[in-house]
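Heads up, the thing below is written out as structure tokens.
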Amino acid sequence: MIRSVVRGHGAALPKRVMTNKELEGVVETSDEWIVQRTGIRQRYIAGEGETTASLGAQAARAALDNAGLTPDDIDLVLVATSTPDNTFPATAVDIQRRLGMTHGYAFDMQAVCSGFVYAMATADLYIRGGMAKRVLVIGAETFSRILDWKDRTTCVLFGDGAGALVLEAQEGKGTISDRGILTAHLRSDGTHKDKLYVDGGPSSTGTVGHLRMEGREVFKHAVGMITDVIEAAFAATGTTAEDLDWLVPHQANRRIIDGSAKKLGIPLEKVVVTVDLHGNTSAASIPLALSVAASDGRIKKGDLVMLEAMGGGFTWGALLVRW
Ligand code: UT7
């Protein structure tokens, strides 16, 4: 059977680092509160000329280099983002343009922090359905541009960045020893819409709006939803926590990451954590973390890697990949 195999990875971060200390001068907060409650120590903030499309294109180029490929080899550019450069066209077509691609097709996906998991699952279907041989799957965000910088309950949590993977159709045996995406599980429940949302949009207010979150409410649901969907991925593949080499979670909060790993019986040494460095970069957080851990040699070819995310909607999902 056809499998969607990771052939390359890349990442891009804005030039400017913003530390917790610096935030103490913006809102009434402290480095101690932020570290204790979230594990975040710094985040990157996009400057002039740095946008979701520019960061996404940079991550895409890095992933293509890592894969030893060029834009000519790509059939589909799929971008997970909630902070597009423009309401339309899709950020994906702008990235396609920046890569000099005039062939193939490109579109965006919007599932907030779960966007990258949704995009990977979608790319897998396009590949297995024969509609693409190679897909650039990009998670790219500039959440700093939709934050209310007077709201300390949200502005300390998020950051900007982008990550990308190149997925390639390869022949597999149809067993869990195959490389590539082994199973994908997506969920959403719109009854939670008002717990994490942006209070603007083209059709409602005609403005971009700002991020609003009932943090405690999101926190309350996070661990249960994450562990539930990971259990579904284990059940579908006949694997257990012991078979995993790495858990690469969405990086929202260290306490949510640790709580989920503990509940699943996954030792913390097997969990990739970058929330301290990047903050919550929404759809970019998983590909950024993957790129960090694959570049530093932690994630190796053949490793069994679980990706999971939960966010606005609520949306959540898990994906089991053999690297
Ligand atoms: O990626 C999408 C998914 N999003 C998430 O996963 C976020 C989920 N939620 C969380 O991570 C946590 O709920 C937060 C980190 C947002 C907040 O942590 P918490 O432990 O749930 O704190 P809290 O909201 O219960 O607030 C505790 C106290 C409050 O003061 P009082 O009411 O107890 O006097 C807040 O006003 O901390 C206060 N507080 C702050 N203090 C200093 C809230 N934000 C800050 C701040 N600095 N930045």
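The values are calculated or read from the model by the stated rules, or taken from the named source; none is laboratory data. A quick note: this is a predicted structure, and the numbers were derived from the prediction, not measured. Please note: Cβ atoms are built from the backbone with ideal geometry, for glycine as well, and neighbour counts cover all protein chains shown.
For the reader, a short list of remarks on this structure follows.
- There is no residue in segment 191-200 that is surrounded by 15 or more Cβ atoms within 10 Å (Cβ to Cβ), away from the ligand (no atom under 16 Å from the Cβ) and within 19 Å of the chain's Cα centre (by Cα).
- The single condition among (1) surrounded by fewer than 19 Cβ atoms within 10 Å (Cβ to Cβ); (2) within 16 Å of the ligand (Cβ to nearest atom) that residue 273 does not satisfy is (1).
- Looking only at segment 240-270, and only at residues there that are within 24 Å of residue 34 (Cα to Cα) and hydrophobic (A, V, I, L, M, F, W, C), the one that is nearest to the ligand (Cβ to nearest atom): 252
- Whichever residue in segment 21-46 is closer than 12 Å to residue 159 by Cα and out of contact with any Leu (no Cβ under 6 Å at 6 or more places or on another chain) and, among such residues, is farthest from the ligand (Cβ to nearest atom): 46
- Odd one out for residue 249 among (1) crowded, with 21+ Cβ neighbours inside 10 Å; (2) more than 30 Å from residue 151 (Cα to Cα): (2)
- Unmet requirement for residue 237, which otherwise passes all of (1) surrounded by fewer than 22 Cβ atoms within 10 Å (Cβ to Cβ); (2) within 28 Å of residue 16 (Cα to Cα); (3) more than 14 Å from the chain's Cα centre (by Cα); (4) away from the ligand (no atom under 16 Å from the Cβ): (2)
- From 132, 121, residue being within 25 Å of residue 306 (Cα to Cα), among the aliphatic types (A, V, I, L, M) and not in a helix (DSSP H, G or I): 132
- Qualifying residue in segment 211-222 (condition: assigned by TED's automatic domain parsing to the domain that holds residue 314, closer than 30 Å to residue 71 by Cβ and either out of contact with any helix residue (DSSP H, G or I) (no Cβ under 6 Å at 6 or more places or on another chain) or surrounded by fewer than 14 Cβ atoms within 10 Å (Cβ to Cβ) (or both)): no
- Members of segment 135-165 found to be surrounded by fewer than 24 Cβ atoms within 10 Å (Cβ to Cβ) and more than 15 Å from the ligand (Cβ to nearest atom), listed by number: 145
- First in segment 154-171 and on the phi > 0 side of the Ramachandran plot, second anywhere and β-branched (Val, Ile, Thr) and within 14 Å of the ligand (Cβ to nearest atom), Cβ under 9 Å, 6 or more apart: 161/281
Table: residues versus (1) surrounded by fewer than 22 Cβ atoms within 10 Å (Cβ to Cβ); (2) over 15 Å from residue 135 (Cβ atoms).
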| residue | (1), (2) |
| --- | --- |
| 40 | no, yes |
| 43 | no, yes |
| 49 | yes, yes |
| 54 | yes, yes |
| 79 | no, no |
| 91 | no, yes |
| 102 | yes, yes |
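- Subset of segment 123-141 [closer than 18 Å to residue 285 by Cα and either acidic (Asp, Glu) or free of Cβ contacts under 8 Å to residues at least 60 places away in the same chain (or both)]: 141
- If you go through segment 294-323 and pick out every residue that is in a loop (DSSP other than H, G, I, E, B) and either on the phi < 0 side of the Ramachandran plot or more than 16 Å from the ligand (Cβ to nearest atom) (or both), you end up with 11.
- Flag for residue 104 being in contact with a helix residue (DSSP H, G or I) (Cβ under 9 Å, 6 or more places away or on another chain) and at positive phi: yes
- Residue check: residue 269 meets all listed conditions (1) closer than 24 Å to residue 6 by Cα; (2) touching a Phe, Trp or Tyr at 6+ places or on another chain (Cβ under 8 Å) but one, namely (2).
Here is a yes/no grid of residues against (1) part of a helix (DSSP H, G or I); (2) over 22 Å from residue 290 (Cα atoms); (3) in contact with a strand residue (DSSP E or B) (Cβ under 9 Å, 6 or more places away or on another chain); (4) among the aliphatic types (A, V, I, L, M):
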site	(1), (2), (3), (4)
63	yes, no, yes, yes
69	no, no, yes, yes
85	no, yes, yes, no
107	no, yes, yes, no
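- Residues in segment 41-53 that are in contact (Cβ under 8 Å) with a residue 40 or more places away in the chain and in contact with a Lys or Arg (Cβ under 8 Å, 6 or more places away or on another chain): 44, 45, 46, 50, 53.
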